[in-house]
Every structure is written in structure tokens, then in C-alpha cells.
Amino acid sequence: MDSLSLAPVRNSNGEIYRSCRHNTSQSTWPLYLKTCERFWKKPFGPNIELREIITRRGEEINEIKEFLKDNLETTNEQIDLLLERQRLEQEQDEKAQTMNAIHDFVHCVERMVCRRLNVAYSNLNCALKSNAINWIDVRTLLDLEDEYSSNGLLATINQIRTERLGCGHALPMTARKLVLSKDFVLSAKEVFLLSDHQVDLLGKLLDWAVQDLPESATLVDLKRAAE
């Protein structure tokens, strides 16, 4: 079988180069083919493998991106839920503090009224039901018009006492900062869902309670006056 072999040849410039020529040696041809096979196939093998590696890495990176995206969305949802829960808890706490402050205010007024009328009670409900005092004396002391009844006053006081959240009192910090004003009375309408008539009644109690207190008196000042 003919084969090709590389033989040295000198060109016209005297340079030597290799030239292919037929070789009939059967032992040379398989070696040539093997050399060509190694020469042509070897460079392409690593390239195919590299492309496969790059493809796999790209797929892994995309999977990681999707995983991080899903986890980020889940984390953001959890953060939103926590913030919403915190907001609701804060609103609930503020509402409870307002309720307790209004309850403390009403209780102070009751104590002051009982003391002014010289009865050994700390709330009007017991004092009126025991006939230790009568409604005319209470109405005269508080300067209430005829439209306000004892039942209306006691119903408002009982509603505030029973509907407040918990059985605590206003925090000392709240009592020091809370100025006894019309806004304070209006807050009772919101947290206790009082009627306009009940809010007006609380306004009457407020006017009576602060008449001997300094300007911009706080709940702390009222508590001291009721002691």
C-alpha cells in the first residue's frame, strides 16, 4: 500500500523544507494515520469538555439565582408580616394606654367628688346606690345641666371601667406627658366609641376637675389633687 512520507527538499533559495511523497512502505502508513488522528482530534476534546463544564456551571448559577430570588421574596414577606404585627401591637398598646389614662381621669374625678361631699367612698356608683349622696348634690357640684342624669353618668363611668384593655393604670411616663385638654376627652370617643352626649359629659367633668389646677395640668397633677 502506498503511503505518504515527509522528505527534505531544498527550494530555489536554498531553504530546506519537508515535502510529502508517496512511500510504499506498509509500516509507515499506519503511523502516519495515527499521528494525524492525534493531531486533529486532541485539540477538540478539551474544548467540548470545557463547553460542557461552562454549561453546567451556568445552569448551577441560574439555579442559585432562582433560589436566592425565592428566598429573598420569602424573607421580604416575613419582614412585612413582622412590621405589620409590630404596627398592630403598637397601636394596641397606645390604645390601652389611652384607655387606662381616661379611666384614671374618671376615677380621680369620682374620688374628688366624694371627698367634697364628705362621703367615705371612692366611686360615685357605690355612693349613689347606698344613698350616701344624692344626685342633685352631685349635679350641683359638677355644674351639670338637667339633661345629664345620674344613670347617664354612671353608665359612662361603667363603660370606661369595663371596656378598657386590661386592668392596669396609665404608665407614669404617660401620666406625666398627658395634658388634660379637650383633645384628651375626644380621644375617649375614639377608643371607647362614646356618643357625643357622653363626650360632652366627660368635658364637663374635665372643666370641673382642672379649675383648681395649674394651666396645662397633666394627669399626674390630677392624681395628686385626688389623693
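Each reported figure results from applying straightforward, stated rules to the coordinates on display, with no laboratory input. Remember, it's a predicted structure, so these values are computed and weren't measured experimentally. Neighbour counts are summed over all protein chains in view; Cβ atoms, including those assigned to glycine, are modelled from backbone coordinates with ideal geometry.
Using the Cβ-Cβ distance between Gln90 and Glu163 with R0 set to 22 Å, the FRET efficiency works out to roughly 0.60. Placing a label point 7 Å from the Cα of Thr140 along the Cα-to-Cβ direction, the residues of the stretch 97-132 whose backbone N falls under 20 Å of that point are 110-121, 124-125, 127-132. Sorted ascending by nearby beta carbons within 10 Å, beginning with the fewest, Thr55, Thr174 become Thr55, Thr174.
Taking other Cβ atoms within 10 Å as a rough exposure proxy, Val220, Val106 sort from fewest to most as Val220, Val106. Spacing of the modelled spin labels on Arg51 and Lys129, each 7 Å from Cα toward Cβ, amounts to 9.3 nm. Taking a straight line from the alpha carbon of Lys129, these aspartates and glutamates sit under 19 Å away, with near neighbours fewer than eight places off in the same chain left out: Glu110, Asp137.
Placing +1 on the Cβ of each Lys and Arg and -1 on the Cβ of each Asp and Glu in the stretch 92-226, which of Asn125, Ser195, Asn151 has its Cα farthest towards the positive end of the resulting dipole? Farthest towards the positive pole: Asn125.
The HN-Hα couplings worked out from phi for the stretch 110-121 by the Karplus form 6.51 cos²θ - 1.76 cosθ + 1.60 (θ = phi - 60°) are 4, 4, 5, 5, 4, 5, 5, 8, 6, 10, 8, 10 Hz, whole numbers, x standing for Gly and Pro. Checking every one of the GluC sites (Glu not before Pro) in the stretch 78-167 against DSSP loop status and a limit of 14 other Cβ atoms within 10 Å picks out Glu145, Glu147. Modelled spin labels at Leu213 and Asn151, positioned 7 Å past Cα toward Cβ, are 3.1 nm from each other.
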